[in-house]
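Here is the structure we will look at.
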């Protein structure tokens with residue numbers, strides 16, 4: 001499983017106006033209610049914590065029994081050795097969802113898929129998406145082995161929600177771990193990079209709409225499902241962020257894991273099954289991951305939220321539409337003022353880069369149009385952009 005550094009290809013600014021008002025109205029001090037004479041006081045309800053714990057435990061056991069038959073282990077042989085990962089059954093036709101980096105370099109696109117029942121079969125990689133880090137494997141398996149899992153709505157995910165991961169960490173198949181949603185709308189480097197010079201790859205594009213969780217995820221969990229308590233898949237476990245490693249050099253969970261959202265899977269998987277690949281929408285602008293107050297002041301921005309355009313690809317979709325990047329030197333080296341601040345896309349507020357990226361990759365395709373609402377100095381305007389596709 002790969003640890004990714006976050007790449008931002010558009011600008012993230014945090015913008016919010018804070019108003020403080022001081023009033024002179026008298027402060028009302030609430031009084032404690034006292035029971036009326038001879039009025040009995042209702043006792044506090046008694047909570048049976050043992051019964052609650054037993055009920056929660058039974059629910060977890062039932063969830064595991066219901067969904068684990070749909071989770072698989074994936075073994076891959078490559079020229080450089082072998083790899084282990086996880087996946088899950090997508091449909092009754094034998095399609096399996098996993099991460100691209102799990103099957104990357106598989107000899108002849110063949111992998112071994114092991115089911116929880118003990119059944120094993122070979123599968124063929126039929127579709128890959130480097131941008132989302134997803135792949136589809138096709139297996140020929142008896143109907144009794146194919147238990148498709150239900151994809152939930154990742155847009156309904158809330159921070160603090162309990163989640164379950166099931167997979168194959170360190171080769172321990174069928175391992176279940178529990179945690180919470182730590183954050184939503186995260187970004188990581190994509191496996192897809194811009195064309196470089198002299199045959200070398202350029203800068204990675206950005207993968208967005210990722211879910212952050214503290215459920216224990218380790219090498220081998222890649223490609224496995226992240227569930228809500230309804231047993232719905234809300235994400236595909238992809239990566240961890242860590243500074244620790246085993247004696248063999250494998251990264252160790254540090255409580256920060258990332259999963260591809262289920263809504264990305266809903267959009268990508270059918271196209272990979274049909275076409276084997278998918279094209280992503282492309283604006284052709286760049287930004288920094290965040291701006292400090294000093295940088296915001298140097299740029300002369302009037303608010304803290306939005307996506308500030310630091311650079312633009314000449315001849316790209318945004319350039320053709322008239323989006324502007326910063327060109328005026330500031331007191332901070334390498335930071336130019338005068339760029340557009342994107343504050344909405346198709347009427348949806350853009351508080352940070354992640355909002356813009358998530359909207360594009362979950363709702364738009366190359367050739368579609370979007371309306372970007374930008375602040376150019378003190379003036380707000382709407383600019384229509386026809387999206388291209390990410391260069392390969």
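The values are calculated or read from the model by the stated rules, or taken from the named source; none is laboratory data. Keep in mind the model is a prediction, meaning the values are calculated, not measured. A quick note on method: Cβ atoms are made from the backbone with ideal geometry, for glycine too, and the neighbour counts reach across all protein chains shown.
Selection of the range 245-294 for residues being at pLDDT 90 or above and in contact with a helix residue (DSSP H, G or I) (Cβ under 7 Å, 6 or more places away or on another chain) yields 261, 262, 263, 264, 267, 278, 280, 281, 282, 283, 284, 285.
Residues that are more than 17 Å from residue 273 (Cβ to Cβ): find the strands (runs of 3 or more DSSP E) completely inside the range 76-123 holding 2 or more of those.
Values: elements: 81-89, 95-99, 110-115.
Passing ranges, in order: 81-89, 110-115.
Would you say residue 322 is at positive phi, modelled with pLDDT of 95 or more and crowded, with 18+ Cβ neighbours inside 10 Å? So that I can check it myself, show each step before the final result.
Values: at positive phi: yes; modelled with pLDDT of 95 or more: yes; crowded, with 18+ Cβ neighbours inside 10 Å: no.
It is false that residue 322 is at positive phi, modelled with pLDDT of 95 or more and crowded, with 18+ Cβ neighbours inside 10 Å.
Starting from residues that are closer than 26 Å to residue 297 by Cβ and touching a helix residue (DSSP H, G or I) at 6+ places or on another chain (Cβ under 9 Å), keep the ones in the range 309-319 and report whichever is surrounded by the fewest Cβ atoms within 10 Å (Cβ to Cβ). Lay out the reasoning, then the answer.
Here is the first cut: in the range 309-319, the ones closer than 26 Å to residue 297 by Cβ are 309-312, 318.
Pick out the ones that are also touching a helix residue (DSSP H, G or I) at 6+ places or on another chain (Cβ under 9 Å) and you get 309, 312.
Values: 309: 24, 312: 21.
Here the answer is 312.
Can you find even one residue in the range 99-107 that is surrounded by fewer than 19 Cβ atoms within 10 Å (Cβ to Cβ) and farther than 30 Å from residue 182 by Cβ? Checked against the condition, which is being surrounded by fewer than 19 Cβ atoms within 10 Å (Cβ to Cβ) and farther than 30 Å from residue 182 by Cβ, the range 99-107 yields at least one hit.
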